[in-house]
1. When only residues in the range C:477-500 that are within 7 Å of another protein chain (Cβ to nearest Cβ) and among the small types (G, A, S) count, which is surrounded by the fewest Cβ atoms within 10 Å (Cβ to Cβ)?
2. As an exercise: evaluate C:I196 against (1) within 22 Å of C:A418 (Cα to Cα); (2) among the β-branched types (V, I, T); (3) assigned to a loop (DSSP other than H, G, I, E, B) and give the number of the one condition it does not meet.
3. Confirm whether C:Y339 is more than 10 Å from every other protein chain (Cβ to nearest Cβ) and closer than 30 Å to C:R294 by Cβ.
4. Identify the single condition in (1) crowded, with 19+ Cβ neighbours inside 10 Å; (2) in contact with a Pro (Cβ under 7 Å, 6 or more places away or on another chain) that D:S63 does not satisfy, given that it satisfies every other one.
5. Of these, A:G107, A:G140, which one is outside any helix (DSSP H, G or I) and open to solvent by 40 Å² or more (accessible area, probe 1.4 Å)?
6. Test each condition in (1) part of a loop (DSSP other than H, G, I, E, B); (2) open to solvent by 10 Å² or more (accessible area, probe 1.4 Å) for C:A218 and report the one that comes out false.
7. Any chance you could count how many residues in the range B:27-53 are within 11 Å of chain D (Cβ to nearest Cβ), open to solvent by less than 30 Å² (accessible area, probe 1.4 Å) and in a loop (DSSP other than H, G, I, E, B)?
Amino acid sequence: MTKLDATDLPAPRARRTTALRGGANTELIAWLFMRISGVILLVLVFGHLFVNLMVGDGVHAIDFAFVGGKWSEPFWQVWDLLMLWLAMIHGTNGVRTIINDYAERTGTRLVLKSLLYLAFVVTVVMGTLVIFTFDPCPPGSPADLLPSFCAA
Amino acid sequence: MTATLENPQTEMGAIPSFQVTMRVERFDPESGSGSYWQEFTLTMHGTDRVLDALHQIKWDLDGSLAFRRSCAHGVCGSDAMRINGRNRLACKTLLKDLDLDKPVVVEPIKGLPVKKDLIVDMEPFFASYREVMPFLVTTGNQPSRERLQSVEQRAVFDDTTKCILCAACTTSCPVFWSDGQYFGPAAIVNAHRFIFDSRDEGAQQRLQILNDKEGVWRCRTTFNCTEACPRGIEITKAIAEVKRAIVTRSF
Amino acid sequence: MQTHSYDVVIVGAGGAGMRAALEASPRARTAVVSKLYPTRSHTGAAQGGMCAALANVEDDNWEWHTFDTVKGGDYLVDQDAAEIMAKEAIDAVLDLERMGLPFNRTPEGRIDQRRFGGHTRNHGEAPVRRACYAADRTGHMILQTLYQQCVKQDVEFFNEFYVLDVVLTGDPATDPGARAAGVVAYELATGELHVIRAKSVVFATGGAGKVYKTTSNAHTLTGDGMAVAYRRGIPLEDMEFFQFHPTGLAGLGILLSEAARGEGAILRNASGERFMERYAPTIKDLAPRDIVARSMANEVREGRGAGPNKDYVLLDLTHLEPAHIDAKLPDITEFARTYLGVEPYTEPVPVYPTAHYAMGGIPTNVRTEVLRNNTDVVPGLFAAGEVACVSVHGSNRLGTNSLLDINVFGKRAGIAAAEYAQTATLEEMPEDAAHDVGVAIASIRAGAGTENVAKIRRELQETMDANAQVFRTKESLTTVLADIEALRERYARVGVSDRGSVYNTELVEALELGFLLELAEVVVVGALAREESRGGHFREDFPNRDDEKFMLHTMAYRVPPTARVAGEAGEVVGAGEIVEAGASAGEGTPPRPTFEGTSVRLDYKPVTVTRYQPMERKY
Amino acid sequence: MASAPAAPPSPAPVPAPRSSRGRSTLYRGTEGMWSWVLHRITGVGLFLFLLVHVLDTAMVRVSPEVYNDVIGTYKTPIMGVMEAGLVAAVIFHAFNGIRIILVDFLAKGPRYQRVMFWVVIGLTVVLMAGFLPRHLGNVFGGGH
């Protein structure tokens, strides 16, 4: 409004003009997703921690056999897959907002976000493949390292 | 009508004077020397506010100290500054309520370019305000009498009508510090004031503006704004109401 | 130096200025120039309400409102103007509602109304509910609403541009053809001077409360508009009438609304006595502002004040229910808590009269055109709000009528200025239009002045409080006049330590002080000459109203300071520019006392009386 | 009273102004701000752990020996303490997340945010009190 000819400095924080979108946009969906996924993750992660760290011998009980035993059941496969995906999206979105907050230069922003998305893709693809292509009884492995049902 | 007062001699004026050290952040763009801290030791009195201390510095010690002020009782919104690390109006902060064993630290509000000493450039702040359509939007012919509005409808947006545009909230927001493009609490408060006004017909547009990348979704509910507001507006609550309105109208 | 051109330039972005801008900007190219950001204006500090005979809650009409205004002003009100204001009040309120102002509502959803001091039904029969309000923040809401509309209309603002001079094509004292050509403004952010050319100039710069020490007014209310006009040869009307609001927080002057006493609060002296029973036996604490303020000052003067220095009285709310206080007086009780640490539920609040409102100002007609003498206007020059004197407030303004004034006459000023601009041509600016201002600034900034701005101002405010406040006598006024003259001499040697250009607020305060000194003199000279007591002006040596001699508006003209400060280095804006004041103006007026050594020449103007003949003022 | 120019009010004796390099101080927010800071820190920490954790779990695809070797590093006392920190971070992040949701969606949420913050802290402490003895027992108790 106060636009004077010569003395007018460019507003130091002029907003980048973005086209306004109606309805549910990315930011809204991201915001909602964080809340919904957060609640689901609370159940999934607490279940995960309880089974892995509280039941039986806790952290000492975790070995190949333990993991193999869990992923032989579709229930735990789905549980872990869901957890993987939700946690990765939740976390990636969280870090994305942090990058948006603190990385002021466009270049830095771009680099950091590229790294973030790369890490996201690699981790999610790898994790998903592992869960689905996992063989609990790889041939040639010592039997005492494998889940008990492999003996059969 | 009532009994004679037992002790009409109140303590007003009887409060002894005390020593205050003011630690003020100075910046003179014309000196080219950057910003620095300067300390002043003053003798102040019971009812004195931070603004009085600044005036004493300006009037008796160093006339070059620059700060904005006008009404001096918390209704004009000129003298928002950071006092002991928190955004306050200098005219509403009594010295005796502060810890005077340590220097009282006074800085300009954060996130807006400092022009001189405690004066910041307010233009970006008002630019955000102007962008949210902070005015009544109606269609059709103006009625010949007033538009009717029930007491309950009026109460819905009462809190956000109290805003004096002092910028204490916006410049207390960590998101605004790091991202000056964020609309900021004050703009959202002033959008809220109209979004929830039963006479207004521009809510949809305003919600669309605030659904923007730099809109309400940047709010991280740190409550710094609510705590900084000299008018006691529940700002975080108002922002949450806007968020919910966008969610419900989007689906 | 930069030059800008507009059709209409409005000086001041408070209630009146923005109301004018809303009317002018759709009609003509308009700029609003203000030394503050728009919402910082003191309009925002108004609490009680804005009166209009809407008759939403009970029977009312604008004629009763006119009568109350005339009587409240102790018959010094120009009644044609009061009629216009009361009549247009209704539309003014409805306009604000249509702009979105969140008025409090009745159960039916209409604008709610409440009682206010001096507003009555059927010419004084009983109090009437006439004040439209928004909690106890009516002024704040008006200011915000007007600014919102300015944003909507994309009104052009020059924020933090301090107008220091008005450019006229001639001397209004002698030249009937003198008309407005623009203003000269100092940009606070850069220290640069701007010449803003315009066909119409509207002054809406507010009051001058800072001539006093104890005042409800903002630090920035230094009478800039009045002084700028006065220095260029425009008279000032009725400046001796200054309203002192009874209940300012003691020592601070922060206003506690009249609504407190309306809700049942009682004023007490040191011994706890309800002293108003002695001064106004029938209506006690709800007597008009001038009477209550005088009574309070008298208690203190006679040694019955409370506090360690016996210099204030007490406003007692302790007999009221806390819930009632919370519901009706939230803001003012918060003021008492915040600023005095007094809990109004259980302790009485220290209060003392506080300088509140200048009834006088730049004389205008009802079209808001500025008068250069008793009858003739200065084409292209307009004024509205507290800076102007229409005169709708006479010698004592009624509560709520200030918010009404800015809306009614602000609107009129906007329309009149735009209409004038549509037919007028842009006047040629002299090459050196900013010369005087530039010299004045340069001499203060660069000069080796040794006098301190704050000290002079403090002494001015103290002597004004001591000698020209609620009670005045020939002796006290003579004393203060001598003080002012001495201070003006010292002001000529004023210096600042800040030599910078960016936000040199020390320089701004020095310029403001120049205006204050100018106006203080006008107030005192007018008060000295008015040997009667009327409304806000009380002379102990002349305690009665004297309609025979003083049923007249005071018109104060600035006499060029030939003998006094000619050629001084610290000479202020415009000094020496004005040619002869013209000793001929005011033929047929009764001989008045003259004041040697001052630069004020007084004249008088008849009061416009339409239907209400002066009567004794009893409530 | 004010006929003679009053004696100038004597300003307090002032030592020469002490100057030092200006640096803006930390904003003194309260519970709301600190909960947000903690939420961010725990969030980033958990995300980084998640990346590592998916990677180490992926070792099951390599061979049982490799996996057991890698997972064995989790069983040292130092890692045990870090795991405890991890669990504390999960618990705080989870419950503070719920607090944020309540602030966002309950009309009275914002008013009770401060109380809810301390509830979150309390819950974290209580759950950790339940988890720590068991976990530290497993870590330091030797297991098999």
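The values are calculated or read from the model by the stated rules, or taken from the named source; none is laboratory data. Owing to the predicted nature of the structure, the values given are computational and were not obtained by experimental measurement. Methodologically, a virtual Cβ is constructed for each residue, glycine included, from the backbone with ideal geometry; neighbour enumeration extends over all protein chains shown. These accessible areas exclude ligands, DNA and RNA; they are computed on the full protein's heavy atoms, side chains included. Shrake-Rupley method; radii C 1.70, N 1.55, O 1.52, S 1.80 Å.
1. C:S497
2. (3)
3. So C:Y339 does not fit the description; no.
4. Result: D:S63 fails condition (1) only.
5. A:G140
6. Looking at each condition in turn, C:A218 falls short on (2).
7. 1
Conditions (1) surrounded by fewer than 17 Cβ atoms within 10 Å (Cβ to Cβ); (2) touching an Asp or Glu at 6+ places or on another chain (Cβ under 8 Å); (3) away from chain A (no Cβ under 14 Å), marked per residue:
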| site | (1), (2), (3) |
| --- | --- |
| D:F95 | no, no, no |
| D:I98 | no, no, no |
| D:V103 | no, no, no |
| D:G109 | no, no, no |
| D:V115 | yes, no, yes |
| D:V125 | yes, no, yes |
| D:H135 | no, yes, no |
